[in-house]
Amino acid sequence: MKSDITLTVDGQRYALTVDNRVTLLDALRDNLGVTSAKKGCDHGQCGSCTVLLNGRRATTCLAFAVAHDEADITTSAGLAQDGDLHPLHRAFIDHDAFQCGYCTPGQICSAVGMLDEARQGWPSAVTAEVTSAPPLDTAEIRERMSGNLCRCGACVNIVAAISEVATGRRLAAFPSAAEPRQERWS
Ligand code: FES
Ligand code: FES
């Protein structure tokens, strides 16, 4: 069985017909040719396929495309605007935190999403005091990024890159991931 759906990906609107069994990741890559999100494990275990789905980070290999008709999706590639990299892109470069092309796009999207979650006061498994916005120390960043794996163990600088953005040293305030893309960068 097939269904007609509409997706907005990195600001561009697409109408497509998908088999109801197709994942959002396969719809992005195979139907639309959007390859920023990567297929690592295809089992929800590595985080390579993470995008911002309606402003929240999500693993697209675990999502059916048909269940996300009218969704707004931002990939790591779409976080750059008019030739300007997102502050997290920049921080990853400056800290030599970029890894391979498989895990990095998901890590960038996950970092944007988790900074927004923390800003909104969402606790993590290591948050000691859940009644106030958690401090984004090393333990918090590690826990919140724990769904994004690097098989190579070459990820020692990621925490430093995210910490720089989280503490405002990179940019005092960058747009919320939950806001519509066009408004975030206007
Ligand atoms: S490809 Fe989706 S979590 Fe690994
Ligand atoms: S999986 Fe990408 S650098 Fe290890």
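The values are calculated or read from the model by the stated rules, or taken from the named source; none is laboratory data. For clarity, every value in this text was computed on a predicted model and none was experimentally measured. Note that each Cβ is placed from the backbone with ideal geometry, even for glycine, and that neighbours are counted across all protein chains shown. Only protein heavy atoms, including side chains, enter the accessible area calculation; ligands, DNA and RNA are left aside. Shrake-Rupley method; radii C 1.70, N 1.55, O 1.52, S 1.80 Å.
Going through region 1-28 one residue at a time, which ones are crowded, with 16+ Cβ neighbours inside 10 Å and closer than 17 Å to Lys39 by Cβ? Once the filter is applied, which keeps residues that are crowded, with 16+ Cβ neighbours inside 10 Å and closer than 17 Å to Lys39 by Cβ, region 1-28 yields Val9, Val18, Val22, Thr23, Leu24, Leu25, Asp26, Ala27, Leu28.
Can we say Val34 is open to solvent by less than 60 Å² (accessible area, probe 1.4 Å), touching a Cys at 6+ places or on another chain (Cβ under 6 Å) and more than 16 Å from ligand 2 (Cβ to nearest atom)? No, not satisfied. Taken together, the residues in region 85-124 that are open to solvent by 10 Å² or more (accessible area, probe 1.4 Å), under 15 Å from Thr74 (Cβ atoms) and not in a helix (DSSP H, G or I) amount to 1. Taking the residues in region 66-78 that are under 19 Å from Lys39 (Cα atoms) and aliphatic (A, V, I, L, M) as candidates, determine which candidate is surrounded by the fewest Cβ atoms within 10 Å (Cβ to Cβ). Top of the filtered list is Ala77. Pairing each residue of region 40-57 that is open to solvent by 60 Å² or more (accessible area, probe 1.4 Å) with any residue that is among the β-branched types (Val, Ile, Thr) and within 12 Å of ligand 1 (Cβ to nearest atom), provided the two are 6+ apart or on different chains, yields C-beta distances under 6 Å for Arg57/Thr50. Filter region 1-39 down to the residues that are touching a residue at least 12 places away in the same chain (Cβ under 8 Å) and of a type in the set (Asp, Glu), then identify the one that is nearest to Glu70 (Cα to Cα). Checking each candidate, the answer is Asp4. When the residues of region 160-174 are filtered to those that are closer than 14 Å to Asp94 by Cβ and among the aliphatic types (A, V, I, L, M), the one that is modelled with the lowest pLDDT is Leu171. In region 92-121, the residues that are in contact (Cβ under 8 Å) with a residue 24 or more places away in the chain and farther than 14 Å from Ser146 by Cα form Cβ pairs under 6 Å with partners that are in a helix (DSSP H, G or I) and within 16 Å of ligand 1 (Cβ to nearest atom), at six or more places apart or across chains, as follows: Pro105/Ser76.
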